Amino acid sequence: MSNTLRASRTASSWISTPLSRCSFPSCPLSDNGGGGGGGGSPDIAVVAEKGQVACRDYPHSRHLCLKFPFETTPHESYCELCYCYVCDSSAPCGLWKLSHCHAAAHISDWKCKRMMKQQATVKK
């Protein structure tokens, strides 16, 4: 299969070959807007989006935040929709800067702390 995405016009919608079936060479993604002289690929550019993005437009645990990526920004940072993974409350919680800003679902110790917090809440 060719490295180009084949598309055909049918009525008022585009039908295209699924990207999972296409073979693309390794190409880096960038935020520089494609072929605008910034060194990005002139072949692919995102010009619009439709609908909501869950980890950006709805409440989300801090480690899933798209505005402040967990791996590349200080964990103390949070957006207006972030919540504490342990407390299930809006960020920042009372223990945010002390430790809870570092909580993430992929870390088993934090999973245990979250479960203990939920069980303590249910017993009250």
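The table below gives the values:
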read-out: Any chance LYS97 is in a helix (DSSP H, G or I), of a type outside the set (Gly, Ala, Ser), surrounded by fewer than 17 Cβ atoms within 10 Å (Cβ to Cβ) and in the same structural domain as SER61 (by TED's automatic domain parsing); value: no
read-out: Test: CYS87 is touching a Lys or Arg at 6+ places or on another chain (Cβ under 8 Å), closer than 19 Å to THR72 by Cα and of a type outside the set (Gly, Ala, Ser); value: no
read-out: Among residues of segment 64-110, those that are more than 21 Å from VAL53 (Cβ to Cβ) and among the basic types (Lys, Arg), counted; value: 1
read-out: Check on THR121, hydroxyl-bearing (Ser, Thr, Tyr), exposed (fewer than 13 other Cβ atoms within 10 Å of the Cβ) and not in a helix (DSSP H, G or I); value: no
read-out: Tally, over segment 100-118, of residues that are assigned to a loop (DSSP other than H, G, I, E, B) and surrounded by 11 or more Cβ atoms within 10 Å (Cβ to Cβ); value: 4
read-out: In segment 110-124, the residues that are of a type in the set (Lys, Arg) and either in contact with a Cys (Cβ under 7 Å, 6 or more places away or on another chain) or farther than 13 Å from ASP88 by Cα (or both); value: LYS117, LYS123, LYS124
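Each row is one residue, and each column tells you yes or no for (1) over 24 Å from VAL122 (Cβ atoms); (2) modelled with pLDDT of 85 or more.
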residue: ASN3; (1), (2): yes, no
residue: SER8; (1), (2): yes, no
residue: ASN32; (1), (2): yes, no
residue: ASP57; (1), (2): yes, yes
residue: SER61; (1), (2): no, yes
residue: PHE68; (1), (2): yes, yes
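The values are calculated or read from the model by the stated rules, or taken from the named source; none is laboratory data. Bear in mind that the values here come from a model prediction, so they are computed numbers and not experimental data. We place every Cβ from the backbone using ideal geometry, glycine too, and count neighbours over all the protein chains shown.
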